[in-house]
Amino acid sequence: MNVSLALGPSTVFALIVLAAFLIFFFVAWSNSEQGRSPNLRALRPLTRLRGLIGQSAESGRRLHYSPGSGGLNDQPGAAETLSSLTTLGEISRGTARSGASLEISANDTLTFLAAGDVTEVAFTEAGRPDDFSRDDVHFVTQQDRLAYIAGVESSLATEPTAGTVLLGRFDAEYLLAGETASRLAIPQIAGSSRVEAMPLMIISAGSEETLLGEEIYAVPAYLDHRPALLASLRAQDALRLLIIVAIILGVIAASTGLVSDIGNYFLR
Amino acid sequence: MQRLKLYLPLIVVLLTALLVLADFFTTGLIDGVGHALALWVSMIAGVLLLLGLANIAWVHLQRLQKGGANRVYSLALLVSAFVVIVAGVIGRAAGYQDSVSNWIFQYIYQPLATTLFSLLAFLLISAALRTLRIRNIESALLVIGAVVVLLGQIAFTPFSSLSSISQWFQDYPVLGIIRGILIGTALGAIATSLRYLLGVDNNYMR
């Protein structure tokens, strides 16, 4: 058997990123465990989110949650859906503690089941397992983004809702649900890392209610200050710094003619 | 037993991650394992679809039972789901293969989906009218940028002279911002995926 490393430009780059991230992550985790936590800048939408949970508990109306129109089996959107499910766990804990009711709409069978598990664990941990029902997690469609958002829109229009959280992979179709929430004055928190959805979220939900790009991946660490989650944020920042340094060095190298085809290397 | 219940999923996740990474970074060791695992996920998702269908049926049967003005929609959903499934099964059994399902998709579903999508243009205008009001310097800049880019798309004079400014906006500031967002997003995606693969993010089983 002839075993060898597949070392093309993309795999070498992936290996470097993976190794660097793991090193940064474990160092930051060890620091966080020793109580050295980073200072997190405030994210306005999360303050509003806590308010929404409180409003839902006071009014007796449900809080609606959508983990996005992507799915766990949808390769480009899987990471966003995973992050959204972690956020759902934290929101479920908050709703369970405050006595608010939560309903979830899923666009994928795997997401539907995972959302049910995450919510059930959160309600059980909060000491209120009886307040959770699997019937509160709705399977709307199987990876059909437009039909899914139409289902979410219909749910917002017909069910009494204290607020909606639309967090995950969305494209332009988000506007159907976002504008219905705006029209019915249902407070919403929206977030996506897709450039197709971000401007629409800002104009429909408002800039103070929108989580942009990487912020949706940072939400779990903001809601639950577990050392591992904070360490992952620190590792991201360290890696970002490394990329900024690489870009500056690359610009200098290319401008001074030290390396002529550095751009082509990265494009490959 | 409790410990096994806790650690078994984590061990499976970690082993799967190692297999996929080994497949990605080597040749000749476990070629095709990643692809095979992805196929497994698709097969599991296919089986789970029945569970999703049962959920939809249960939710809408409950709504029918409760009554109210919206029960007609639940009835429409249940009837159309039943008709599509039965038409697909009978069509195949009668030797028409997928032509019945394809006909429903092409002549009923697609026009409905296209109509729904076309609503986005009107919703976009209504949202833009609500947002693009000059209230402070930031919103003024936003409005100026939007107007210049919109007018720059018009082919005839006098607006054609704005097309180069519009193109400059899109080629430099906008593209730079998009690339910055993409780098941040990619880092977030890597961090989230690795947290799950390492079993650190295990809120589905804590």
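How long is the gain from A:ALA42 to A:SER207 if the chain were fully straight, where each residue apart is worth 0.36 nm and the alpha carbon distance is subtracted?
Full-extension gain reported as 58.0 nm.
Which number comes out as Rg/Rh for the range A:14-133 once both Rg and the Kirkwood Rh are worked out on C-alpha atoms?
1.04
For the range B:104-109, what does the Karplus curve 6.51 cos²θ - 1.76 cosθ + 1.60, with θ = phi - 60°, yield as ³J(HN,Hα) per residue in whole Hz, taken in order and with x for Gly and Pro?
Couplings: 4, 5, 6, 9, 10, 5 Hz.
First check a/c for chain B, with a ≥ b ≥ c the square roots of the eigenvalues of its C-alpha gyration tensor; if it is under 1.5, answer rounded, and if not, answer prolate when a/b is larger than b/c or oblate otherwise. Before the final figure, lay out the partial values.
Numbers: a/c = 1.96, a/b = 1.24, b/c = 1.58.
It comes out oblate by the Cα gyration axes.
What does the structure give for B:119-131 when I average, per residue, the other chain Cβ atoms found within 10 Å of the residue Cβ?
Mean partner-chain Cβ count within 10 Å for B:119-131: 5.
Can you list residues from other chains, or at least 5 along the same chain, whose modelled amide H is less than 5 Å from the amide H of A:TYR65?
Under 5 Å from the amide H of A:TYR65 lie the amide H atoms of A:GLU103, A:ILE104, A:SER105, A:VAL165, each far enough along the sequence or on another chain.
For the range B:42-86 and the range A:193-255, compute the distance between their C-alpha centroids and round to whole Å.
A separation of 39 Å, based on Cα centres.
With label points built 7 Å along Cα→Cβ from the Cα atoms of A:LEU258 and A:SER4, find their separation and express it in nm.
Using points 7 Å along Cα→Cβ, the separation is 3.2 nm.
For the residue pair A:SER30 and B:LEU18, what label-to-label distance in nm results when each label sits 7 Å from Cα along the Cα-to-beta-carbon direction?
Result: 2.2 nm between the two label points.
Ignoring solvent entirely, what values of log10 I(q)/I(0) come out of the Debye formula for the range A:146-268 at 0.11, 0.12, 0.18, 0.22 Å⁻¹ when each Cα is a single scatterer?
Listed by q, the Debye log ratios stand at -0.56, -0.63, -0.94, -1.13.
Calculate the FRET efficiency for B:LEU116 and B:MET1 from the Cβ-Cβ distance with a Förster distance of 56 Å, rounded to the nearest 0.05.
In this case the efficiency is close to 0.65.
Other chains near A:13-26: what is the mean number of their Cβ atoms within 10 Å of each residue's Cβ? Walk me through the numbers on the way to the answer.
Details: counts 0, 4, 3, 0, 3, 5, 0, 0, 4, 2, 0, 1, 5, 1.
That works out to 2 on average.
Non-local amide H neighbours of A:GLY71 (under 5 Å, H modeled in plane, Pro and chain starts lacking H): which ones?
The list, which skips near neighbours in sequence, is A:GLY77.
Just counting partner chain Cβ atoms within 10 Å, what average do the residues of peptide B:34-42 show around their Cβ?
1
Each residue of the range B:163-172 in order: what ³J(HN,Hα) in whole Hz does its phi give by Karplus 6.51 cos²θ - 1.76 cosθ + 1.60, θ = phi - 60°, with x for Gly and Pro?
Karplus-based 3J(HN,Hα) across the range B:163-172 equals 5, 5, 5, 4, 5, 4, 3, 6, 7, 10 Hz.
Explain nothing, just compute: Karplus ³J(HN,Hα) = 6.51 cos²θ - 1.76 cosθ + 1.60, θ = phi - 60°, for every residue of the range B:117-124 in order, whole Hz, x for Gly and Pro.
Those phi angles translate into 5, 5, 5, 4, 4, 6, 5, 5 Hz.
Please state the relative contact order of chain B as a whole percent: Cα pairs under 8 Å, 6+ residues apart?
The normalised contact order for chain B reaches 15 percent.
Taking every alpha carbon pair in the range B:1-77, what does the distance histogram look like in 10 angstrom bins from 0, in percent?
Per 10 Å bin, starting at 0, the Cα pair percentages come out as 16, 23, 22, 17, 16, 5, 0.
What does the charge count around B:ALA45 come to, taking other residues whose C-beta lies under 12 Å from its C-beta (Lys +1, Arg +1, Asp -1, Glu -1)?
Within the 12 Å Cβ shell, the charges total -2.
Determine the equivalent ellipsoid of the range A:44-223 by diagonalising the alpha-carbon gyration tensor, then write out the semi-axes as square roots of 5 times the eigenvalues, largest first, rounded to whole Å.
Output for the range A:44-223: semi-axes of 21, 18, 16 Å.
Taking N as the number of residues in the protein assembly as shown, what is its Cα Rg relative to 2.2 N^0.38 Å? Walk me through the intermediate numbers first.
Numbers: Rg = 24.3 Å, N = 474, 2.2 N^0.38 = 22.9 Å.
My calculation over the Cα atoms of the protein assembly as shown gives 1.06.
Cα centroids of the range B:123-153 and the range A:44-105: how far apart, whole angstrom?
Here the answer is 31 Å between Cα centres.
Around A:SER105, what is the net charge, scoring Lys/Arg as +1 and Asp/Glu as -1 over all other residues with Cβ under 15 Å from its Cβ? Could you put the intermediate results ahead of the total?
On the way: positive: A:ARG62, A:ARG134, A:ARG145, A:ARG169, B:ARG63; negative: A:GLU103, A:ASP108, A:ASP135, A:ASP136, A:ASP144, A:GLU153, A:GLU159, A:GLU173.
Surrounding charge for A:SER105 is -3.
Values in this text are rule-based calculations from the coordinates and carry no lab data. It should be emphasised that the depicted structure is a prediction, and the values quoted were computed from it without experimental measurement. Cβ coordinates were reconstructed from backbone atoms using ideal geometry, including for glycine residues, and neighbour counts include every protein chain displayed.
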